[in-house]
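First comes the structure, then the notes that go with it.
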Amino acid sequence: MSASGSHADSARADLEFGIAVVPATEDLDRLRALVRVADEAPLDLVGIQDYAYQHHFLDTWSLIPTLLAYTTRIALFTDVANLPLRPPAVMAKAAASLDVLSGGRFELGLGAGAFPNIAASMGGPRRTAGESVEALEEAIDVIRMMWSREREVSFDGRYYTLDGARPGPQPAHPIGIWVGAFRPRMMRLVARKADGWLPSLGVLTRAELRAGNEQIDAAAAEAGREPRSIRRIINVQGLIGDGPAPPRSSLPVGYLAGSRSPAPRAGGVRRSPGWSPTALTRSCSGPSSPHRIRSSCSQARSCRTSSRIADSLRLRLRRDRCDRPQASWAGRPKRSKSAANLARSTGSSG
Amino acid sequence: MMQPLDETVDHLRGPAAAPLIVEYGDYECPYSRQAFREIERVEKQLPGGVRFAFRHFPLTEIHPHALAASAAAEAAAHQQQFWNMHELLFHRQHALEEDELRTYAAELGLDVAQFESDRTGASVLARVRRDVESGIASGEVQGTPTLFIDGSVHTGSYDAQTLLDALAR
């Protein structure tokens, strides 16, 4: 489609759009094909979830480098990396290495680990919710130290220690640490220390998303940080495509099927209730920083549709233009109000 | 898809062989005005020139004077003064009341009585509506300015340098 090659960097900086692919072992060809299409579309990001204890998933940190190796422009990120299962200093080194190897195309989504018992099943520490937040905060410090240009770093935390560790290599670009957070205490941590907030619509309602953005804005201002400097990334679950929604049971393992109820149509795009482009625009508008959105694609066609929606959202979220009020997305089904007004003023009914 | 140019209807300027920029704009929209200024810079800077067409997309719900301004530009077009009026309307974006439009017609040396009758006539409004509907039919025009470069919607910013880069591709 015509979008290829038409993205100015300045527009990209406003809004980025990506996909999530599920690291299912049994569906590797499809996974690779999707990432290639996303790279060519062009979309901006591919997120890979990190559930080491899912026995049918590939290890995220092993998969990402292979995907970086045969893509050229798209960025890959952990969505989100499970902290309890990897020492943060080693994670920092892996992240920096991937960034160097890929010419700056790696970002670090990071989480405290949502299921303590499951982490423990693989030898990870069993932490309470409060301990998880403290450990995450220490980990962010450790990671940043390991990316620094210091000759030697030491850190004496309750959960992590460094004793004369040698930082390096330095990342090829300032890697973003995007934290998966849902609770107020984590939000405050994001506002204090992280480069981005990476929640999921579906886990959070839109109202909670708005509230979370406001909490981060307020806490950031309190901590003396510019709220806009904290990236907002949203994981959107749902099916985007041109045809009728296939039954859930027909989708490959792990791919997200959106709602089961019939979805309203807009401009030939079938949308999951709640995650329409209009709703996304609303969620992304407002005083907070630019957003990144990633949606789940199960088909190459969906990737191309995502790219089209990405263009539409980019245009609609721009602050350097005037917009039609309540413009219907894609605009085809209805006459616009401006056209209707014109028709009235000329006495035409056509 | 951008609706194709109709050289007998569209307001076009610049060499026929040059790359084409089409702007959907609104005379009361500050960003449309900015985009037009940037396009003027591109016209001056690009050695082979640019072919430029302007199409009306008055956002009547938010800009009460936009439709009348578009109609005034079209009425001026009836007297072969579209681009001069176009320039003037953007330049005086904050003064688009009916009596002010009349003053601009006089300033450009138009037959003011004819201008007044054309400005409110059906043919001028039909011409504006044609642009609006072409924008809607494209599926791409949701606001102003919306630019098309060689027929493809331009999603990047519209400062002159970005436009020059896009034209070079």
Seminar exercise, completed: Once all protein chains are kept in place, B:Arg102 shows an accessible area at probe 1.4 Å, nearest 10 Å², of 90
Problem set entry | Karplus (6.51, -1.76, 1.60) ³J(HN,Hα), θ = phi - 60°, over segment A:203-215, in Hz, Gly and Pro reported as x | 7, 9, 7, 5, 5, 5, 4, 4, 4, x, 4, 5, 4
Problem set entry | Cα gyration tensor, segment B:24-169 - rounded (a/c under 1.5), prolate or oblate | prolate
Exercise. So how strong a dipole does chain B carry about its Cα centre when Lys and Arg Cβ are +1 and Asp and Glu Cβ are -1, to the nearest 20 debye?
Worked result: 380
Problem set entry | Spin-label model distance (nm) - A:Ala221 vs B:His94, 7 Å beyond Cα toward Cβ | 2.9
Exercise. What nm distance separates the two modelled labels at B:Gln114 and A:Ser97, each placed 7 Å from Cα along Cα→Cβ?
Worked result: 7.9
Exercise. Considering only protein heavy atoms and a 1.4 Å probe, what is the carbon-and-sulfur percentage of the accessible area of segment B:1-137?
Worked result: 52
Exercise. Between A:Asp163 and A:Thr66, what FRET efficiency comes out of the Förster formula 1/(1 + (r/R0)^6) with R0 = 45 Å and r the beta carbon distance, rounded to 0.05?
Worked result: 0.85
Exercise. Restricting to segment A:19-87, what percent of DSSP beta bridges are antiparallel, rounded to 5?
Worked result: 10
For this session: Under 1.5 on a/c is rounded, so check that first for segment A:80-171, then, if it is not, pick prolate when a/b is larger than b/c and oblate when it is not; a ≥ b ≥ c are the square roots of the alpha carbon gyration tensor eigenvalues.
Result: oblate
Exercise. When every alpha-carbon pair in segment B:48-105 is counted, what percent end up more than 18 Å apart?
Worked result: 31
Exercise. Which order do B:His78, B:His94 take when ranked by solvent-accessible area (1.4 Å probe, heavy atoms of all protein chains), largest first?
Worked result: B:His94, B:His78
Exercise. Long-range amide H contacts for B:His154: which residues qualify at under 5 Å (H placed 1.01 Å from N, peptide plane, sequence gap of 5 or more or a different chain)?
Worked result: B:Leu147, B:Phe148, B:Ile149
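Got a sec? What order do A:Lys93, B:Lys44 fall in by accessible area at 1.4 Å, biggest, i.e. largest, first?
Largest accessible area first, the list is B:Lys44, A:Lys93.
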For this session: Evaluate E = 1/(1 + (r/R0)^6) for A:Glu214 and B:Thr8, where r is the Cβ-Cβ distance and R0 equals 41 Å; express this FRET efficiency to the nearest 0.05.
Result: 0.15
Problem set entry | Where the Cα pairs of segment A:56-102 fall when distances are cut into 5 Å bins, in % | 5, 19, 33, 25, 14, 5, 0
Exercise. With labels modelled as points extended 7 Å from the Cα through the Cβ direction, what inter-label distance (nm, one decimal) is found for B:Ile62 paired with A:Arg73?
Worked result: 2.9
Exercise. How much solvent-accessible surface does A:Tyr51 expose, in Å² to the nearest 10, with a 1.4 Å probe and all protein chains in place?
Worked result: 80
Seminar exercise, completed: Between chains A and B, total accessible area buried, probe 1.4 Å, no ligands or nucleic acids, nearest 100 Å², roughly 2800
For this session: Determine the per residue accessible area of segment B:60-141 with all protein chains present and a 1.4 angstrom probe, expressed in square angstrom.
Result: 40
Exercise. If you take the square roots of the eigenvalues of the alpha-carbon gyration tensor of segment A:180-230 and sort them as a ≥ b ≥ c, do you get rounded (a/c under 1.5), prolate (a/b over b/c) or oblate?
Worked result: prolate
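What does the charge count around A:Ser102 come to, taking other residues whose C-beta lies under 13 Å from its C-beta (Lys +1, Arg +1, Asp -1, Glu -1)?
Every neighbour counted, the sum reads -1.
Starting from the residue with the highest accessible area, list A:Ile140, A:Ile118 in decreasing order, probe 1.4 Å.
Putting A:Ile140, A:Ile118 in descending order of accessible area: A:Ile118, A:Ile140.
The values are calculated or read from the model by the stated rules, or taken from the named source; none is laboratory data. Keep in mind the model is a prediction, meaning the values are calculated, not measured. Cβ sites come from the backbone with ideal geometry, for glycine too, and all protein chains shown count toward neighbours. For accessibility, only protein heavy atoms count, side chains too; no ligands or nucleic acids. Shrake-Rupley method; radii C 1.70, N 1.55, O 1.52, S 1.80 Å.
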